[in-house]
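Below you'll find the structure, written out as structure tokens, and then a few comments.
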């Protein structure tokens with residue numbers, strides 16, 4: 001009995017520590033991007049910002065996330081996953097501390113840039129670290145914790161304006177995000193470096209120690225397609241990465257990962273995330289508490305649905321959740337369009353709730369899982385950075401043009417566009433999305449490099 005208990009502790013203690021780090025990074029993401037929603041009106045009033053200026057103010061953080069994601073690949077390769085996350089949490093801490101002072105608009109924008117860089121770095125590296133440091137049977141759930149944490153961060157950001165109603169208190173309400181960075185730093189101190197990165201840096205003894213500390217099985221020598229043992233390659237040169245870019249199914253993997261992030265951000269989630277109170281006002285809800293309460297409801301549904309996704313994604317699988325979620329997202333957005341045309345605010349709220357719940361079980365976590373599982377290890381930093389940077393670039397475009405789009409085309413026109421994007425995502429899922437449930441990263445990589453068709457790269461039976 002004691003032996004079984006000791007084994008359970010050894011197995012789950014490192015899993016929990018990785019999970020806490022993943023959660024911290026996700027909460028930082030969600031809170032940082034959504035904290036502006038409830039206070040944008042107060043900030044606009046204090047600094048006399050028109051509609052265009054509000055879009056650019058929101059855009060300043062998101063475009064910085066793009067820059068951080070671009071830099072993340074280089075930093076994760078040179079400094080390791082922990083070193084990059086350390087920089088990310090320190091930048092967030094500095095940015096939030098500076099927000100408390102906010103002597104002028106330019107200073108505040110500068111602090112938002114620091115926070116954006118932090119989120120860009122952590123949003124790329126945290127899921128990658130989780131994918132490299134947990135057992136295959138828990139990998140989907142742990143990586144999905146990142147998306148759960150994003151929804152928790154969003155919910156916290158939506159709750160605070162309902163709790164702290166004085167408009168002038170916005171610097172404290174937003175600047176409190178520094179607490180998240182402190183928790184992240186504490187979580188980071190409790191975990192070792194990724195064994196995958198340590199091996200690539202020729203630090204084999206440290207990699208073995210990290211593997212043991214994380215409760216992972218020892219790495220076996222790789223084999224070629226004939227079964228002959230091959231030495232594990234740890235040296236990754238630029239020329240080797242270039243060769244691997246066109247090897248096997250790698251090009252299709254990169255296109256799929258980047259494409260899923262593009263679809264994720266163009267599906268409507270970012271417009272809803274940043275401007276939810278404005279959307280509810282457009283649908284007919286009273287400005288202020290009514291719109292904020294409806295926004296809080298969306299945040300709560302987002303959290304609950306993401307918990308369901310985490311509990312089922314390693315049991316049901318990636319493809320079924322993606323297909324069901326894609327269908328429901330189209331239905332939910334159609335409901336919002338109908339509500340706007342028929343002046344039925346309640347129908348709009350129901351449609352948005354359906355959309356948010358469907359997004360949370362499908363297009364929310366799936367791109368992060370795909371990029372952590374499918375990109376080959378020798379180019380994982382570059383591939384994941386490309387996918388993450390693509391995500392933030394389109395995220396920034398939505399932040400910059402959403403309010404203007406509503407002004408020019410109406411809320412119904414914008415949501416028709418979002419619905420078309422969700423339908424495209426559904427088609428791509430049915431045709432190309434692989435199922436990776438329960439398959440080890442080594443087996444997936446073997447399939448990718450061997451040129452197994454994209455739809456089947458997650459089939460363990462094809463890894464020989």
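The values are calculated or read from the model by the stated rules, or taken from the named source; none is laboratory data. Values in this document were obtained by computation on a predicted structure and should not be read as measured data. Ideal geometry is used to build each Cβ from the backbone, glycine not excepted, and the neighbour counts take in all protein chains shown.
Values as computed for the structure displayed
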item: Pairs with Cβ under 6 Å, 6+ apart, first in region 194-209 and assigned to a loop (DSSP other than H, G, I, E, B), second surrounded by fewer than 17 Cβ atoms within 10 Å (Cβ to Cβ); result: 202/234
item: Test: residue 168 is at pLDDT 90 or above and either over 22 Å from residue 33 (Cα atoms) or surrounded by fewer than 19 Cβ atoms within 10 Å (Cβ to Cβ) (or both); result: no
item: Count - residues of region 242-285 that are at pLDDT 75 or above and more than 23 Å from residue 400 (Cα to Cα); result: 12
item: Residue in region 347-361 that is under 20 Å from the mean Cα position of the chain (by Cα), farther than 20 Å from residue 285 by Cβ and modelled with pLDDT of 90 or more present; result: yes
item: Complete set of residues in region 413-459 that are more than 25 Å from the chain's Cα centre (by Cα), farther than 20 Å from residue 258 by Cα and surrounded by fewer than 16 Cβ atoms within 10 Å (Cβ to Cβ); result: 413
item: Which listed residue, of 231, 218, is loosely packed, with under 13 Cβ neighbours inside 10 Å, in a loop (DSSP other than H, G, I, E, B) and modelled with pLDDT of 65 or more; result: 218
item: Test: residue in region 74-83 that is modelled with pLDDT of 90 or more, within 25 Å of residue 165 (Cβ to Cβ) and either more than 23 Å from the chain's Cα centre (by Cα) or surrounded by fewer than 19 Cβ atoms within 10 Å (Cβ to Cβ) (or both); result: no
item: Residue in region 319-326 that is surrounded by fewer than 21 Cβ atoms within 10 Å (Cβ to Cβ), at pLDDT 80 or above and more than 19 Å from residue 455 (Cα to Cα) present; result: no
item: Filtered residue count, region 55-73, keeping only those that are under 12 Å from residue 401 (Cβ atoms) and modelled with pLDDT of 85 or more; result: 4
item: Region 99-134, residues that are modelled with pLDDT of 80 or more and part of a loop (DSSP other than H, G, I, E, B); result: 104, 134
item: Among (1) within 20 Å of residue 398 (Cβ to Cβ); (2) assigned to a helix (DSSP H, G or I); (3) in contact with a helix residue (DSSP H, G or I) (Cβ under 7 Å, 6 or more places away or on another chain); (4) modelled with pLDDT under 90, the one test that residue 49 misses; result: (2)
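Each row is one residue, and each column tells you yes or no for (1) assigned to a helix (DSSP H, G or I); (2) within 26 Å of residue 430 (Cα to Cα); (3) out of contact with any helix residue (DSSP H, G or I) (no Cβ under 6 Å at 6 or more places or on another chain); (4) free of Cβ contacts under 8 Å to residues at least 24 places away in the same chain.
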| site | (1), (2), (3), (4) |
| --- | --- |
| 278 | yes, no, yes, no |
| 295 | yes, no, no, no |
| 302 | yes, yes, no, no |
| 319 | yes, yes, yes, no |
| 324 | yes, yes, yes, no |
